[in-house]
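Reviewing the structure listed below.
Here, each number is a calculation from the coordinates, and none is a lab measurement. Everything quoted here is computed from the prediction, not taken from an experiment. For neighbour counting, all protein chains shown are included, and Cβ atoms are generated from backbone atoms with ideal geometry for every residue, glycine included.
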Ligand code: AMP
């Protein structure tokens with residue numbers, strides 16, 4: 001089984017949605033990504049937490065096929081914290097506060113066995129850290145990157161440097177338009193294909209996701225609907241779970257054909273559909289590979305014509 005390398009934030013989140021509030025709950029892009037990907041196969045996690053990071057979260061992650069040799073704990077340091085709400089729009093978080101804490105001075109140093117990774121998921125974090133991790137990986141076969149509006153605003157050049165080095169970039173619709181300075185997501189997707197990645201995924205929240213490929217006109221765009229969920233409790237981590245499920249399927253199959261990338265989009269979609277059904281990792285913790293497979297078949301049925 002191919003191991004998947006994931007770097008990104010490991011966080012304590014405080015979130016408000018129309019369904020309620022949580023304070024300092026387990027979160028972070030790498031946390032959601034790794035938990036999602038661990039439904040598909042083994043994960044090696046690179047990140048950093050402070051001394052305030054509860055031991056129960058470490059126990060949870062290590063109990064899930066997630067290797068934590070790359071997760072540093074900084075004595076006296078504070079874990080990354082993010083505060084946001086989804087009161088206006090469930091598809092777009094409003095950030096109230098980002099405390100980088102131990103991520104501010106983090107210098108990733110990958111355990112040697114992580115450096116042979118074939119599959120790499122650069123989850124959301126400062127793009128300079130994504131680059132530092134990628135530089136230490138010897139010969140990856142397939143690398144995916146995610147990012148967010150904060151980094152597009154304050155570190156656009158670095159985001160584009162990451163794009164030059166990855167096979168696929170995943171963004172939500174607002175971020176794609178912002179990064180490419182376009183109003184149309186179709187135009188933004190096609191334009192992004194010229195910045196480096198062979199493939200681009202644009203997520204449209206509850207409206208599904210588009211996979212753009214530069215391979216040929218017939219297969220240029222694949223469109224996947226979301227698995228229908230009536231009550232979204234907390235959308236936090238949906239994007240990371242999508243990318244984790246996507247890369248989890250790619251790593252377990254080792255198949256980089258466009259057909260399989262399309263299947264991976266569906267796996268990403270159904271993985272994320274679980275995340276939004278509870279706060280923090282609450283729902284994702286309970287998901288089984290069988291439930292993923294059931295939802296995969298439902299989405300397959302939805303697009304049959
Ligand atoms: P998403 O999948 O986009 O909903 O990701 C949500 C997660 O991203 C939360 O658990 C946050 O802790 C994390 N996050 C928020 N802001 C940042 C940031 N600037 N860098 C890295 N991770 C972040």
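Of note:
- Geometric descriptor of region 211-261, per residue, is 96 Å³ (volume of the convex hull of the Cα atoms).
- Two-decimal log10 I(q)/I(0) for region 71-120, as the Debye equation yields it once each C-alpha is a single scatterer, q = 0.28 Å⁻¹: -1.01
- DSSP-defined beta bridges in the chain - what % are antiparallel, rounded to 5: 40
- Calculated mean residue ellipticity, 222 nm, the chain: -10500 deg cm²/dmol, from DSSP H runs (n ≥ 4) at -39500 (n - 2.57) each, averaged per residue and rounded to 500.
- Tail beyond 14 Å, pair distance distribution of region 186-245 (Cα, percent): 60
- Cα gyration tensor category, rounded, prolate or oblate, for region 150-269 with a/c compared to 1.5: rounded
- Hydrodynamic radius of region 111-202 by the Kirkwood approach over all distinct alpha-carbon pairs: 13.2 Å.
- For the residues 126, 260, 274, a GNM of the chain with alpha-carbon springs under 10 Å puts the largest fluctuation on 260.
- Per the Debye formula on identical point scatterers at the alpha carbon atoms of region 2-110, with no solvent, log10 I(q)/I(0) at q = 0.17, 0.18, 0.19 Å⁻¹ is -0.81, -0.89, -0.97.
- Relative packing of peptides 28-37, 13-22 - highest average C-beta neighbours within 10 Å first: 28-37, 13-22
- Length gained when the stretch residue 164-residue 231 is fully extended (0.36 nm per residue, less Cα-Cα span): 20.3 nm
- Residues 146, 118, 89, arranged from fewest to most other Cβ atoms within 10 angstrom of their Cβ, appear as 89, 118, 146.
- Fewest neighbouring Cβ atoms within 10 Å first, the residues 241, 257, 213 line up as 257, 213, 241.
- Whole-number D in µm²/s for region 47-138 (Stokes-Einstein; Kirkwood sum over Cα pairs; 10 °C, 1.306 mPa s): 106
- Per-residue Cβ neighbour counts within 10 Å put 192, 247, 302 in the sequence 302, 192, 247, beginning with the fewest.
- Normalising by residue count, the chain has a Cα convex hull of 121 Å³ per residue.
- Gaussian network model of the chain, Cα within-10 Å springs - most flexible of 268, 63, 244: 63
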